[in-house]
Structures are given as structure tokens and as C-alpha cells.
Amino acid sequence: MADDKFPGWHGTTILGVRRGGEVVIAGDGQVSLGQTVIKGTARKVRRLSPGGRDVVVGFAGSTADAFTLLERLERKLEAAPGQLLRACVDLAKDWRMDKYLRNLEAMLIVTDGAGLYVITGAGDVLEPEHDVAAIGSGGNFALAAARGLMETDLSAEDVARKAMAIAASICVYTNGNLTVERVPAP
């Protein structure tokens, strides 16, 4: 994410795909400052296990801000085990209303295998249409590619990998160093 505080910074590309009884979240590893790649192997897809239940989160934007949000999400999930949507809505409300959290620069894609949600600092919790969600610098490229690939018989992971490869071939802020996490539907 680029803004006035961090001119020239560009985040990563995160893609979530739900298909065939599983959800996959894939993220590339590139972090750029202007025309320079600062790091090509950043890991912006994480697995949380609050209460022994797997939740996968991909984030775009500031890593420190995203980790603050991940910690909050984990606490919300511990307070409401198995209720991902409720935890996401509570996080979005806090993010929007809290004076400190309001300034955090990140976006999240979250899944527990059943739900797939995009959470923004504007207070949005969005369940994507067509079982595909994308955020970050190359998000629109990955989203378009994945939606096209959903017309094939590819698995969720294959759709995600191919869509991310297409995004990396178009977007200079996206590379092919992927982190891929899979969660089966309950």
C-alpha cells in the first residue's frame, strides 16, 4: 500500500480461492520501494490456530500493522471459537473506531475453510463473489486471472498458483515467490 506517509512503498499481492472443498490463500514475497525491490521473499500468509481451529490470513500493507491486526483477530477468535465472521466483524469495528487502530495501513484476507473474507480499515468485512478475493498491489491482476481460471477444472491451489503467475508477469510489484496455505472445508 502506498500513501503519503510511505511514498513509493508497494505491498504484496494476496489471493484467496475457494473451490472443491478447500480454500487456498497465496501471497507473493515482493516488497518494493519505488523501482527497487527491497525484499523478494517476504512471507505475508500466516496460519493461526486459536482454540485448535485453523485460520489462514494473508495481508497486504505494513507488516507491523498487519501483525497488530493478526494479534487482535486471534484474541477475537479465542473469545468466539469457531465464529470467524463474528471475529472479523468485531475486528473491523475496532479497527474503524479505535483511535490507534484507525491509522493502521493493511488489508486482510481471512479463511477458516468455510468462510472467505476481506477485511479493510474502512470497517468492511466482504465475502467475495465468485469464490475469489484479492488484495494488494497486484490484486486486480490476480483477481481477474483467477476468475477466468475458475471456468476450468483446476483445483483451488492450481487456480491460485496460475493466477499469481499471471499477476507476476504483469505487475512489477508482484513476484513468483509464493507462500501458499490451504484449509479444508469443515
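The values are calculated or read from the model by the stated rules, or taken from the named source; none is laboratory data. A quick note: this is a predicted structure, and the numbers were derived from the prediction, not measured. Cβ coordinates were reconstructed from backbone atoms using ideal geometry, including for glycine residues, and neighbour counts include every protein chain displayed. These area figures cover heavy atoms from the full protein model, side chains too; ligands, DNA and RNA do not enter into them. Shrake-Rupley method; radii C 1.70, N 1.55, O 1.52, S 1.80 Å.
Worth a mention:
- Charge tally in the Cβ shell below 12 Å around L70, where Lys, Arg are +1 and Asp, Glu are -1, L70 excluded: +3
- Against the set (i) 0.95; (ii) 1.08; (iii) 1.00, the structure's computed Rg/Rh (Cα atoms, Kirkwood Rh) falls on (i).
- Amide hydrogen neighbours beyond the local backbone of S32, cut-off 5 Å, H modeled: H10, I38
- Note on region 10-174: lysine pairs with Cα distance below 27 Å, sequence gap of 8 or more or different chains, count 7.
- Accessible surface ranking for L149, L73, 1.4 angstrom probe, highest first: L149, L73.
- For P186, the shell of other residues with beta-carbons less than 13 Å away shows a net charge of -1, using +1 for Lys and Arg and -1 for Asp and Glu.
- The loop-placed chymotrypsin sites (Phe, Trp or Tyr not before Pro) in region 53-144, going by DSSP, that have at most 14 neighbouring Cβ atoms within 10 Å of their Cβ come out as Y100.
- Share of carbon and sulfur in the accessible area of region 10-174 stands at 49%, probe radius 1.4 Å.
- The residues of region 76-142 present an accessible area of 47 Å² per residue when probed at 1.4 Å with all protein chains retained.
- Its Cα centre serving as origin, the chain has a Cβ charge dipole (Lys and Arg +1, Asp and Glu -1) of approximately 320 debye.
- Förster radius 25 Å - calculated FRET efficiency between K39 and H130 (Cβ-Cβ, nearest 0.05): 0.20
- 222 nm mean residue ellipticity, helices alone, for the chain (DSSP H n ≥ 4; -39,500 (n - 2.57); rounded to 500): -10000 deg cm²/dmol
- Selected from M164, M107, M97 as most flexible by GNM, with the chain as the system and alpha-carbon contacts under 10 Å: M97
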